[in-house]
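Encoded as structure tokens, the structure appears first; notes follow it.
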Amino acid sequence: MSTPKPLVTLNGLHVCIAVKNLDTSIEWYCQVLGFNVLQQKNFPELSARMVYLESQGVEIELVESKNIKSFERSAPPIAHLGIQGISQLSFRVNDLSTTMEQLKGFAIDILFGPVDAQELKLKAIFIRDNEGNIIEFIERY
């Protein structure tokens, strides 16, 4: 069976996360994960603000709006998959042990893991960001 030709050319990754507090989220993503601010814009007519962050070719857009409704996604391993939509933001890392040590330096608890999924040839951990969004770190081997 042949592989179908893609309909579009994909370049890079971008995700948008709605946040309650843009300033504290910018600080968290910059300090903890090493992102840098690319662009910021206020939209007073929409009561919204946004920022683009970048690190090592990965971009994240954070958007703050007065209309955001909060909910907390249940913790992994399975319960976090019970709500439709993106369950976690995932990053590939070279050394999961080093990543775990760095997170401890920021007093961030490991939500779940480390897991060694040998059949998938990966190790993973899950944490929450400053607003409760789940982030997964994966080391492939």
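The values are calculated or read from the model by the stated rules, or taken from the named source; none is laboratory data. Since we're looking at a predicted model, the values are computed, not measured. Calculation scope for accessible area: heavy atoms of the full protein, side chains included, ligands and nucleic acids excluded. Shrake-Rupley method; radii C 1.70, N 1.55, O 1.52, S 1.80 Å.
For the chain, the longest principal axis of the alpha carbon atoms and the long axis of helix 22-33 meet at an angle near 30°. With angles folded into 0 to 90 degrees, how steeply does helix 96-105 sit against the dominant principal axis of the chain? Use alpha carbons for both and round to 10. Value to nearest ten degrees: 40. When shorter helices are ignored and each DSSP H run of at least 4 residues is given -39500 (n - 2.57), the per-residue value for the chain at 222 nm works out to -4500 deg cm²/dmol.
Antiparallel beta bridges, as assigned by DSSP with both residues in the chain, represent about 70 percent of the total such bridges.
The overall shape of segment 10-61 is oblate: from the C-alpha gyration tensor, with semi-axes ordered a ≥ b ≥ c, the ratio a/c is 1.5 or greater and a/b is no larger than b/c. Carbon and sulfur atoms: what percent of the 1.4 Å accessible area of segment 52-138 do they account for? Exposed carbon and sulfur together represent 49 percent of the surface.
Residues in the chain average 67 Å² of solvent-accessible surface per residue, probe 1.4 Å, ligands and nucleic acids excluded. For the chain, the tally of Lys pairs with Cα-Cα distances below 30 Å comes to 10, considering only residues 8 or more apart or on different chains.
If you run the Gaussian network model on the chain, springs between alpha carbon atoms under 10 Å, then out of N130, N42, N21 the most flexible one is N42.
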